[in-house]
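Asks: This structure is in structure tokens; I'll ask about it shortly.
The values are calculated or read from the model by the stated rules, or taken from the named source; none is laboratory data. Source: prediction; values computed, not measured. Cβ: placed from backbone, ideal geometry, glycine included. Neighbour counts: every protein chain shown.
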Amino acid sequence: MNSRVLQAFILCFSFIAVFTGTNIVQAEGQGGIPIHLKIDKYYILYTQPSSPFVDANNRLLLPLRANQDLMGGVVSYESSTKTATVTLLNHTFQITIASRIAIVDGKTITMDTTPVLKGGAMFLPIRLFLDYTDVKYDWDSKLQLLHITDERVVKGEPFTYFEDNDVTSGHDDGVFHLSSFVMTPHSLSITAHNISGLDIPKGKSDIHPLVTFKNNGGFSTDAYSRPFYPDLPEVKKGASLTVTQRFDNIQNAAYIISVGRREP
């Protein structure tokens with residue numbers, strides 16, 4: 001066992017106590033916070049201090065820090081000018097809160113929306129980075145979902161933790177669309193839709209969140225074997241499923257990601 005796997009195992013074991021039960025409910029049209037971003041196979045639910053959101057100009061905004069923590073960019077922020085600098089995929093971006101003007105690789109351009117300050121953090125329009133890099137992506141206007149498919153930006157610790165604890169293989173990662181989630185002080189509920197076109201048998205669905213915590217507080221994730229939980233029920237094609245899990249420390253979450261897939 002290499003040192004990274006050993007470290008991840010120790011961290012995961014130390015947090016396993018936060019999972020004290022799972023409640024599975026068959027559901028249609030559940031409310032909650034919509035999920036707008038997917039990177040590779042990972043749905044991005046929460047990015048401190050707030051989830052990615054679509055603004056009034058129909059542009060998806062992501063916290064400045066997430067460009068570094070999730071996508072491997074390098075970021076800085078100058079509070080006196082309210083200007084951020086982001087280096088991503090060998091391109092440099094300078095963006096200012098409440099301004100449509102950005103500087104990309106030394107050239108001035110005009111955006112069609114503005115960065116904002118929310119919860120004490122700067123949120124940037126992801127479209128800027130899509131337009132001026134060769135990052136691969138798809139935008140589903142019906143689902144309001146941006147899917148970044150470029151492996152070069154799957155760089156963050158949440159993804160590493162997930163991969164280091166993924167002890168099985170052969171999953172189908174395209175069968176569920178995770179549409180929304182609800183956080184309470186002690187739980188996380190995720191609603192997923194079966195988009196595979198087929199019925200998924202009992203025990204074959206895997207809606208699997210991973211939470212990283214602030215201040216290098218480690219992470220928590222459900223065990224793939226689910227030794228203490230009942231199998232997820234059958235999910236008919238086109239139907240929805242809501243899974244609720246208990247996280248006693250979720251108010252200190254830094255990032256929440258999840259996959260939605262069919263087990264082999």
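Asks: Where residues in segment 192-203 are in a strand (DSSP E or B) and touching a His at 6+ places or on another chain (Cβ under 8 Å), which of them is surrounded by the most Cβ atoms within 10 Å (Cβ to Cβ)?
Replies: Within segment 192-203, the subset in a strand (DSSP E or B) is 192-194, 200.
From what is left, the residues that are touching a His at 6+ places or on another chain (Cβ under 8 Å) are 192-193.
Working: ALA192: 30, HIS193: 20.
Among them, the one singled out is ALA192.
Asks: Check ASP173, ASP231, ASP199 and return the single one that is under 23 Å from HIS36 (Cβ atoms) and acidic (Asp, Glu).
Replies: Going through ASP173, ASP231, ASP199 in turn, just one is under 23 Å from HIS36 (Cβ atoms) and acidic (Asp, Glu): ASP173.
Asks: Now for a separate question. Filtering segment 40-66 down to residues that are buried (at least 21 other Cβ atoms within 10 Å of the Cβ) and of a type in the set (Val, Ile, Thr), which residue is nearest to the chain's Cα centre (by Cα)?
Replies: ILE44
Asks: Answer with yes or no whether ALA121 is crowded, with 16+ Cβ neighbours inside 10 Å and touching a Phe, Trp or Tyr at 6+ places or on another chain (Cβ under 6 Å). So that I can check it myself, show each step before the final result.
Replies: Details: crowded, with 16+ Cβ neighbours inside 10 Å: yes; touching a Phe, Trp or Tyr at 6+ places or on another chain (Cβ under 6 Å): no.
Against the criterion (crowded, with 16+ Cβ neighbours inside 10 Å and touching a Phe, Trp or Tyr at 6+ places or on another chain (Cβ under 6 Å)), ALA121 does not qualify.
Asks: Can you give me the ranges of the strands (runs of 3 or more DSSP E) entirely in segment 92-191 with at least 3 residues that are touching a residue at least 40 places away in the same chain (Cβ under 8 Å)?
Replies: 121-125, 145-148, 176-184
Asks: (1) at pLDDT 95 or above; (2) among the polar types (S, T, N, Q); (3) under 22 Å from the mean Cα position of the chain (by Cα): which one isn't true of GLN30, the others all being true?
Replies: Only one criterion in (1) at pLDDT 95 or above; (2) among the polar types (S, T, N, Q); (3) under 22 Å from the mean Cα position of the chain (by Cα) is unmet by GLN30, namely (1).
Asks: Could you pull out the residue among PHE123, PHE181 that is under 19 Å from GLN68 (Cβ atoms) and of a type in the set (Phe, Trp, Tyr)?
Replies: Going through PHE123, PHE181 in turn, just one is under 19 Å from GLN68 (Cβ atoms) and of a type in the set (Phe, Trp, Tyr): PHE123.
Asks: Output the strands (runs of 3 or more DSSP E) that fall wholly within segment 31-72 and possess 1 or more residues being among the polar types (S, T, N, Q), or say none.
Replies: In segment 31-72, 42-47 are the strands (runs of 3 or more DSSP E) which contain 1 or more residues that are among the polar types (S, T, N, Q).
Asks: Quick check on segment 159-172. Is at least one of its residues more than 27 Å from PHE213 (Cβ to Cβ) and either of a type in the set (A, V, I, L, M, F, W, C) or modelled with pLDDT of 95 or more (or both)? Outline the logic, then answer.
Replies: Taking segment 159-172 as the starting set, the residues that turn out to be more than 27 Å from PHE213 (Cβ to Cβ) are 169-170, 172.
Filter once more, keeping what is either of a type in the set (A, V, I, L, M, F, W, C) or modelled with pLDDT of 95 or more (or both): none.
No - not one qualifying residue is present in segment 159-172.
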